[in-house]
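Report on the structure given below.
The values are calculated or read from the model by the stated rules, or taken from the named source; none is laboratory data. Because the structure is predicted, anything quoted here is derived from the model rather than measured. Heads up, the Cβs are rebuilt from the backbone with ideal geometry, glycines too, and the neighbour counts pull from every protein chain shown.
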Amino acid sequence: MKPNRIVAALLLLVASAPALAEIDQLQLLTQQEFRALSEDLGATLSYKPLTPAEPLGLFGFDVGIAATGTRLKHPELFERATGNADFPSTVVVPSVRASLGLPFSFDASVMYSSVPKTGMSLWGGALSWAVISGDTVWPAVGVRASYTRLFGVDQLDFDTAGLDASISKGFGPFTPYIGGGKVWSASTPHSSTGLARESFSQTKVFGGIGIKVLLLNFVVEADRTGPINSYGAKLGLRF
């Protein structure tokens, strides 16, 4: 697929996202239902790497736009928590991302998302280290710590922290990668809801492929956090 078509597909995905609504009726949920909704949020809002394990190199840079779509396990709970009877079963989260190569094979990354039609925003970041940088013979092996935090929801404070490891190997312009780890989520409702805080962890596995042509870099990725599947794509410049 040509780069301009990739850009068009990403923009179309975001623009066609169904209308959501703000989460402002958590008091209608039981504690067990709040836990289930929070697990869906953990899979939806946790950090998605969208990059192979190989490091950028000192002062290397990767900047781009991305979108992930997460298939909710409990869309009916979001319908009640938002008062939107047409809440979609797949939530699309667009984002802008930037990564910088640091000394000793470290990379630092940041991301920002404004979830369409909700008033919600998401900030996140990651610090990754390539234990093995990789070359023409050996694959790259990396570890990563990540964090995300949700803003714009009066009834809920929500954040995630993650640890994962991944391996990748380049073959010409193609770099496939796989990885796995854990995501820890903290979901704290406002006292007015009558609900208690939920803290939990979810196992994470993911895999994807990066395609680099000159400075242009395109990545597609599949992620499974707990029992919940997400699919994402990123288009950017990597140099």
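Anything in region 155-173 that is over 19 Å from THR30 (Cβ atoms) and touching a strand residue (DSSP E or B) at 6+ places or on another chain (Cβ under 6 Å)? List them, or say none. Give the derivation first.
First pass over region 155-173, keeping only residues over 19 Å from THR30 (Cβ atoms): 157, 159-173.
Correct list: ASP157, ASP159, THR160, ALA161, GLY162, LEU163, ASP164, ALA165, SER166, ILE167, SER168, PRO173.
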| request: Identify the single condition in (1) in a helix (DSSP H, G or I); (2) of a type in the set (A, V, I, L, M, F, W, C); (3) more than 20 Å from the chain's Cα centre (by Cα) that PHE59 does not satisfy, given that it satisfies every other one. | output: (1)
| said: touching an Asp or Glu at 6+ places or on another chain (Cβ under 7 Å), assigned to a strand (DSSP E or B), buried (at least 19 other Cβ atoms within 10 Å of the Cβ) and at pLDDT 95 or above: which single residue out of ARG149, ARG144 fits that description? | reply: ARG144
| query | Within region 98-107, is even one residue over 14 Å from GLY42 (Cα atoms) and free of Cβ contacts under 8 Å to residues at least 24 places away in the same chain? | reply | no
| message | For region 64-123: of the residues being closer than 16 Å to GLU39 by Cα and in a loop (DSSP other than H, G, I, E, B), which is nearest to the chain's Cα centre (by Cα)? | response | LEU72
| What number goes with the only condition from (1) closer than 22 Å to PHE61 by Cβ; (2) in contact (Cβ under 8 Å) with a residue 12 or more places away in the chain that LEU214 does not pass? | (2)
| query | Mind checking which residues of region 154-182 are at pLDDT below 95 and in contact with a Gly (Cβ under 8 Å, 6 or more places away or on another chain)? | reply | GLY170
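Determine which member of the set GLY232, GLY179 is crowded, with 18+ Cβ neighbours inside 10 Å, in contact (Cβ under 8 Å) with a residue 12 or more places away in the chain, over 19 Å from LEU122 (Cβ atoms) and small (Gly, Ala, Ser).
Working: GLY232 fails: over 19 Å from LEU122 (Cβ atoms).
Matching residue, one of GLY232, GLY179: GLY179.
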